[in-house]
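Can you read through this structure? Questions will come right after.
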Amino acid sequence: MTERTAQTVEGYVVDEGHSSHRHKAHQAWRHAETIKRLSDRLIGIGPFGIGLDGVLAWVPGVGLAYGLGAGGVLLYHAMQAGASGATLARMAAYLAADNLSDTVPVLGWAVDTLFPGHLMAAKALQKDIESRHGLPDEIDAKTRKKRKVKQGRR
């Protein structure tokens, strides 16, 4: 059974159907990509990276505020995309581990700098979306990056 939604626009009922769910899911996929890059991969060296979450972890209170905010946005988009309960629980666990480490001065901040909680939560959401809706159209499945559009001659 597919879930259908309807919206009223100037007195007309517009059936959004399955394509609207796919669109919302792909929007969530893109938001997750942005958050994981900003939080944990602004600077990448091989499999390791650091982002705003790691840098701000060393500023008392600010790192925790950023971590909670970015995590909240990820969970919001996961709910908008209709992510499974298992995916939401996995995301919450990654984000809780990441943010709890922020509460311990120095050692906790070092752990937060190295633990890519937002990246792991974003990847869990993206995997959930891909299994139900596929990748967004502009993402190349082989490189997992935006495709470059070739422009023709005029």
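The values are calculated or read from the model by the stated rules, or taken from the named source; none is laboratory data. Keep in mind the model is a prediction, meaning the values are calculated, not measured. Note that each Cβ is placed from the backbone with ideal geometry, even for glycine, and that neighbours are counted across all protein chains shown.
Do you know which residues across region 77-87 are in contact with a helix residue (DSSP H, G or I) (Cβ under 6 Å, 6 or more places away or on another chain), part of a helix (DSSP H, G or I) and not β-branched (V, I, T)?
Within region 77-87, H77, A78, Q80 meet the criteria.
Then there is this: Just to be sure, is V106 hydrophobic (A, V, I, L, M, F, W, C), at pLDDT 90 or above and in contact with a Ser or Thr (Cβ under 6 Å, 6 or more places away or on another chain)?
no
Any residue in region 41-55 that is aliphatic (A, V, I, L, M), over 19 Å from the mean Cα position of the chain (by Cα) and exposed (fewer than 14 other Cβ atoms within 10 Å of the Cβ)?
Checked region 41-55: at least one residue is aliphatic (A, V, I, L, M), over 19 Å from the mean Cα position of the chain (by Cα) and exposed (fewer than 14 other Cβ atoms within 10 Å of the Cβ).
Do you know which residues across region 99-115 are assigned to a loop (DSSP other than H, G, I, E, B) and either acidic (D, E) or free of Cβ contacts under 8 Å to residues at least 24 places away in the same chain (or both)?
D102, V104, V106, F115, listed by residue number.
Right, something else. Condition first: more than 15 Å from the chain's Cα centre (by Cα), of a type in the set (D, E, K, R) and within 14 Å of G82 (Cα to Cα). Now tell me which residues in region 100-141 satisfy that.
R132, the sole residue that qualifies.
Could you list all residues from region 56-108 that are surrounded by 15 or more Cβ atoms within 10 Å (Cβ to Cβ) and at positive phi?
G82
Here's something else I'd like to know. Restricting to region 38-51, and then to whatever is at pLDDT below 95 and not small (G, A, S), can you tell me which residue is farthest from L119 (Cα to Cα)?
Checking each candidate, the answer is I45.
Under the condition of being aromatic (F, W, Y) and touching a Ser or Thr at 6+ places or on another chain (Cβ under 9 Å), which residue from region 52-77 is farthest from L119 (Cα to Cα)?
Here the residue is W58.
Okay, next question. Which condition does H118 not pass, out of (1) part of a loop (DSSP other than H, G, I, E, B); (2) in contact with a helix residue (DSSP H, G or I) (Cβ under 9 Å, 6 or more places away or on another chain), if it passes all the others?
H118 satisfies all of (1) part of a loop (DSSP other than H, G, I, E, B); (2) in contact with a helix residue (DSSP H, G or I) (Cβ under 9 Å, 6 or more places away or on another chain) except (1).
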